[in-house]
Amino acid sequence: MTPPLDTTSSGVGLQVRGLRKSFGGQAVLQGVDLEVRPGEIFVIMGPSGSGKSVLLKHLIGLESPDAGEILINGEPVHAAALAAKYRMALVFQSGALLNSLTVGENVGLYLTEHRLKSPEAIRQIVAEKLEAVGLAEAADKMPGELSGGMKKRAALARALVIEPQLILYDEPTSELDPLSSIVIAEEILELKHRIRVTSLIVSHDRDLAFGVADRIAFIHEGRILIVGTPDEVKRFQNPLVQRFLHADFRRAP
Amino acid sequence: MFQNIGEIALLFWRTLCALPFAWRQRQKVYDQFFEIGNASLLMVCVLSFFIGAVIALQTGPVLVERSLSSAVGGIVGISIAKELAPVMMAILIAGRIGSAMAAEIGSMRVYQEIDALRTMNIDPIHYLVLPRMLAIAIALPLLVVFAILVGWFGGAVIAEANSRIGVPFQAFFSGLRDIVEVKDVANGLFKSFCFALIIGSVSCHQGLATLGGPRGIGRSVTKAVVNSIVLIVIFDYILTRFLLK
C-alpha cells in the first residue's frame, strides 16, 4: 500500500472517450464522451437506471470499461492504477463506512493505513474534518449509531482527509434534510475554492445541481444528451430533459 | 467449487506476496488471533476430550480381549495426534471461524466497504485477507496442540474408568509413549497448518466473491464452510499419503 504519487493539491482534468459497458448483454453505457475541466464542479443528472453510478465507478477505477478510455490530465490511466496514481475520493451514497471501526477511525483510515502522519496528527486532522461537517461529537461512535445523513457527512469527512484532486459524489444529498443538504452543498463549494479540487457529482437533486454546478451533463440510457452550463441545460429543448427538470408532484384537486 | 480453485489459488498467492506487509498489520493479526482462540478454545477442549473418550471406548475392549491392553494408549494417542485432532479441529474451525470470515468480508463487499477501501488505495488483501490468514495459520496448530493433549487425557480417563477396558492412567500414557513419536505430533500440526491455509483462502475468497444482498452473504457462508470441509478431507488424504513416505 503506497500513497499516490502525485501530491499536488490542485484538481485534475478528466476526459472520458467512447466509454461502453454492458452487464449480462444489457448495455448500460453506450459510448459516453465528456470532459471535466480541472477545478470545476461538474454534475451528472439523469433518471434512475441511466448509467450514472456505473459511470462514476469507472471514473474511480472500480469498474473496467468494455471499450473506450478515461484520461486524467490528458494521460490514459488503467482502471487498476487510478487510485494508486492520483488522490481520488468517492463519497458513496450509503456512506460505505467500515462498520467495524469507529467514525473517527473511519475518517482517519487513509492516513493510518498509508502511514502519512503520526497518530497524534491524525487525531487532530480527524477532529478538524469531523467538525467541518458538523460531527465533532461523533468521533467515538460506531457507524451503526449514526443516521443516514450523519453517515454521509462522515463519509464526506473521510473524503476530505485524503485532500483529493478529484472528488466524486454519488447522490450526496439523498436522505438528507434540507438543512444538511445545504451544509453539503456549501462544503462542495468551499472545497472548490480552498483546494481547487475537481468535483464530479451524480445527483437527482435539481436544487443542488443548479446551485453548485459549473457545468451539467444529462445522461439517459447510457448516452449523454447534453453538456452545458446550468443555463444552457435549462434552455435545452429536449422533452425528457424538460420533463425531468420541471417534474413536480401535485395532488389532484 | 472446482471452478473457483484457480481464483482461490490466486488469492493465496497474492496473500503470500503481501507477507512483507505483515508487521504493519500486526494489531489486526492479534485481534483475529484472539477472536479465533477466544471463540474456539473451550469448544476445542470439549470436542477433543470426547473424541479421545470415544476412540478409547471403541478400541479399548477389542484390544483388551486380545490381551493387547498395552496398545490402547498408543492407538488412541496416534489416531488423535495424526488424524482426528487436526481434521476434527479444522472442520470445527471451518464452521466457526471460516463462516465468520466469509460473512464479515461478504457483508463488507455487499455494503460497498471494500469498494471504499479500493478508492482509498487500500488493498483489501493487505487489510482484510492477510491478517485473517496469518491469524488462522498460527491459531489452528496451537488449538490442535490443546486438542491432542485433551484428547489423550479424555482417552486415558475412559480407559481407566470403563470396566471393560480397565487400563490404568499410567499404563495408558506409558503405552502412548512407546508408540507416539514427536514426528507424529509434528505431522498432525503440519496438516493443521495446511488446513488453516485452506480455510483462510476459501473463506476469504468466498467473502470477496459475494454478490447480492443478505441472501448472497448467506450463500457465501454456506459455500465457504462446505468447500473448506471438502478440500480439508481431500487434502487430508494427499498430505497423509505424502507424509507416510
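Run residue A:71 past the list (1) within 13 Å of another protein chain (Cβ to nearest Cβ); (2) surrounded by fewer than 18 Cβ atoms within 10 Å (Cβ to Cβ); (3) outside any helix (DSSP H, G or I) and report the number of the one that doesn't hold.
Only one criterion is unmet by residue A:71, namely (1).
Is at least one residue of region A:131-146 crowded, with 24+ Cβ neighbours inside 10 Å and more than 17 Å from residue A:200 (Cα to Cα)? Working first, answer last.
Kept after step one, since they are crowded, with 24+ Cβ neighbours inside 10 Å, are these residues of region A:131-146: none.
No - not one qualifying residue is present in region A:131-146.
Consider residue B:210 against the criteria (1) outside any loop (DSSP other than H, G, I, E, B); (2) surrounded by 14 or more Cβ atoms within 10 Å (Cβ to Cβ): it satisfies all of them except one. Which criterion is unmet?
Result: residue B:210 fails condition (1) only.
Suppose we keep only residues that are among the polar types (S, T, N, Q) and touching a strand residue (DSSP E or B) at 6+ places or on another chain (Cβ under 9 Å) within region A:207-250. Which one would you say is nearest to residue A:187 (Cα to Cα)? Lay out the reasoning, then the answer.
So in region A:207-250, the residues among the polar types (S, T, N, Q) come out as A:229, A:237-238, A:242.
Going one step further and asking which of them are touching a strand residue (DSSP E or B) at 6+ places or on another chain (Cβ under 9 Å), we end up with A:229, A:238.
Details: A:229: 21, A:238: 32 Å.
That would be A:229.
Do we find a residue being under 30 Å from residue A:33 (Cα atoms), among the basic types (Lys, Arg) and part of a helix (DSSP H, G or I) anywhere in region A:186-201? Quick ask: steps written out before the conclusion?
Restricting attention to region A:186-201, the residues satisfying the condition of being under 30 Å from residue A:33 (Cα atoms) are A:186-201.
With the extra rule that they be among the basic types (Lys, Arg), the set shrinks to A:192, A:194, A:196.
Filter once more, keeping what is part of a helix (DSSP H, G or I): A:192, A:194.
Yes; the residues of region A:186-201 include at least one that is under 30 Å from residue A:33 (Cα atoms), among the basic types (Lys, Arg) and part of a helix (DSSP H, G or I).
Test residue B:35 against the criterion of being within 14 Å of chain A (Cβ to nearest Cβ), buried (at least 19 other Cβ atoms within 10 Å of the Cβ) and charged (D, E, K, R), and give yes or no. Lay out the reasoning, then the answer.
On the way: within 14 Å of chain A (Cβ to nearest Cβ): yes; buried (at least 19 other Cβ atoms within 10 Å of the Cβ): no; charged (D, E, K, R): yes.
The answer is no for residue B:35.
What is the residue count in region A:140-152 for residues that are in contact with a Ser or Thr (Cβ under 7 Å, 6 or more places away or on another chain), more than 14 Å from chain B (Cβ to nearest Cβ) and either within 24 Å of residue A:88 (Cβ to Cβ) or not basic (Lys, Arg) (or both)?
Final tally of qualifying residues: 2.
Out of (1) more than 10 Å from chain B (Cβ to nearest Cβ); (2) not in a loop (DSSP other than H, G, I, E, B), what's the single condition that is false for residue A:159?
Result: residue A:159 fails condition (1) only.
Run residue A:18 past the list (1) modelled with pLDDT of 85 or more; (2) surrounded by 20 or more Cβ atoms within 10 Å (Cβ to Cβ) and report the number of the one that doesn't hold.
The single condition residue A:18 does not satisfy is (2).
If I ask for residues that are among the aliphatic types (A, V, I, L, M) and either touching a Phe, Trp or Tyr at 6+ places or on another chain (Cβ under 9 Å) or assigned to a strand (DSSP E or B) (or both), which ones from region A:209-244 would you list? Give the steps one after another, and end with the answer.
Keep residues of region A:209-244 that are among the aliphatic types (A, V, I, L, M), which gives A:209, A:212-213, A:216-217, A:219, A:224-227, A:233, A:240-241.
Within region A:209-244, A:213, A:216, A:217, A:219, A:224, A:225, A:226, A:227, A:233, A:240, A:241 meet the criteria.
Let's see how each residue does on (1) part of a helix (DSSP H, G or I); (2) under 21 Å from residue B:206 (Cβ atoms); (3) among the basic types (Lys, Arg):
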{"site": "B:16", "(1), (2), (3)": "yes, yes, no"}
{"site": "B:20", "(1), (2), (3)": "yes, no, no"}
{"site": "B:54", "(1), (2), (3)": "yes, no, no"}
{"site": "B:67", "(1), (2), (3)": "no, no, no"}
{"site": "B:72", "(1), (2), (3)": "yes, no, no"}
{"site": "B:76", "(1), (2), (3)": "yes, no, no"}
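For residue B:161, state whether it is in contact (Cβ under 8 Å) with a residue 60 or more places away in the chain and either out of contact with any Asp or Glu (no Cβ under 9 Å at 6 or more places or on another chain) or surrounded by fewer than 19 Cβ atoms within 10 Å (Cβ to Cβ) (or both).
On the way: in contact (Cβ under 8 Å) with a residue 60 or more places away in the chain: no; either out of contact with any Asp or Glu (no Cβ under 9 Å at 6 or more places or on another chain) or surrounded by fewer than 19 Cβ atoms within 10 Å (Cβ to Cβ) (or both): yes.
For residue B:161, the condition - in contact (Cβ under 8 Å) with a residue 60 or more places away in the chain and either out of contact with any Asp or Glu (no Cβ under 9 Å at 6 or more places or on another chain) or surrounded by fewer than 19 Cβ atoms within 10 Å (Cβ to Cβ) (or both) - is not met.
For region A:89-136, which helices (runs of 4 or more DSSP H) that fit wholly inside it have 2 or more residues that are facing chain B (nearest Cβ under 10 Å) and closer than 13 Å to residue B:119 by Cβ?
Details: elements: A:103-107, A:109-114, A:119-132.
By residue number, A:109-114.
Quick one: would you say residue A:56 is of a type in the set (A, V, I, L, M, F, W, C), not in a strand (DSSP E or B) and not assigned by TED's automatic domain parsing to the domain that holds residue A:232? Even if it seems obvious, please write down each step before you answer.
Numbers: of a type in the set (A, V, I, L, M, F, W, C): yes; not in a strand (DSSP E or B): yes; not assigned by TED's automatic domain parsing to the domain that holds residue A:232: no.
No; evaluated as a whole, the condition is false for this residue.
Which of the residues that make up region B:208-245 are in contact with a Ser or Thr (Cβ under 6 Å, 6 or more places away or on another chain) and either farther than 16 Å from residue B:91 by Cβ or without any contact (Cβ under 8 Å) to a residue 40 or more places away in the chain (or both)? It would help to see each step written out before you state the result.
At the first step, the residues of region B:208-245 found to be in contact with a Ser or Thr (Cβ under 6 Å, 6 or more places away or on another chain) are B:210, B:216-217, B:220-221, B:224-225.
If the condition is that a residue be in contact with a Ser or Thr (Cβ under 6 Å, 6 or more places away or on another chain) and either farther than 16 Å from residue B:91 by Cβ or without any contact (Cβ under 8 Å) to a residue 40 or more places away in the chain (or both), then B:210, B:216, B:217, B:220 are the ones that fit.
Which residues, taken from region A:164-185, are surrounded by fewer than 19 Cβ atoms within 10 Å (Cβ to Cβ) and outside any helix (DSSP H, G or I)?
A:174, A:175, A:177 - these are the residues of region A:164-185 that are surrounded by fewer than 19 Cβ atoms within 10 Å (Cβ to Cβ) and outside any helix (DSSP H, G or I).
Within region B:95-113, does at least one residue satisfy the condition of being among the acidic types (Asp, Glu), within 14 Å of another protein chain (Cβ to nearest Cβ) and either surrounded by 19 or more Cβ atoms within 10 Å (Cβ to Cβ) or assigned to a helix (DSSP H, G or I) (or both)? Reasoning before the result, please.
From region B:95-113, those among the acidic types (Asp, Glu) are B:104, B:113; that's our starting set.
Those still in the list that are within 14 Å of another protein chain (Cβ to nearest Cβ) too: B:104, B:113.
Keeping just the survivors that are either surrounded by 19 or more Cβ atoms within 10 Å (Cβ to Cβ) or assigned to a helix (DSSP H, G or I) (or both) gives B:104, B:113.
Taking every residue of region B:95-113 in turn, at least one turns out to be among the acidic types (Asp, Glu), within 14 Å of another protein chain (Cβ to nearest Cβ) and either surrounded by 19 or more Cβ atoms within 10 Å (Cβ to Cβ) or assigned to a helix (DSSP H, G or I) (or both).
The values are calculated or read from the model by the stated rules, or taken from the named source; none is laboratory data. Remember, it's a predicted structure, so these values are computed and weren't measured experimentally. Ideal geometry is used to build each Cβ from the backbone, glycine not excepted, and the neighbour counts take in all protein chains shown.
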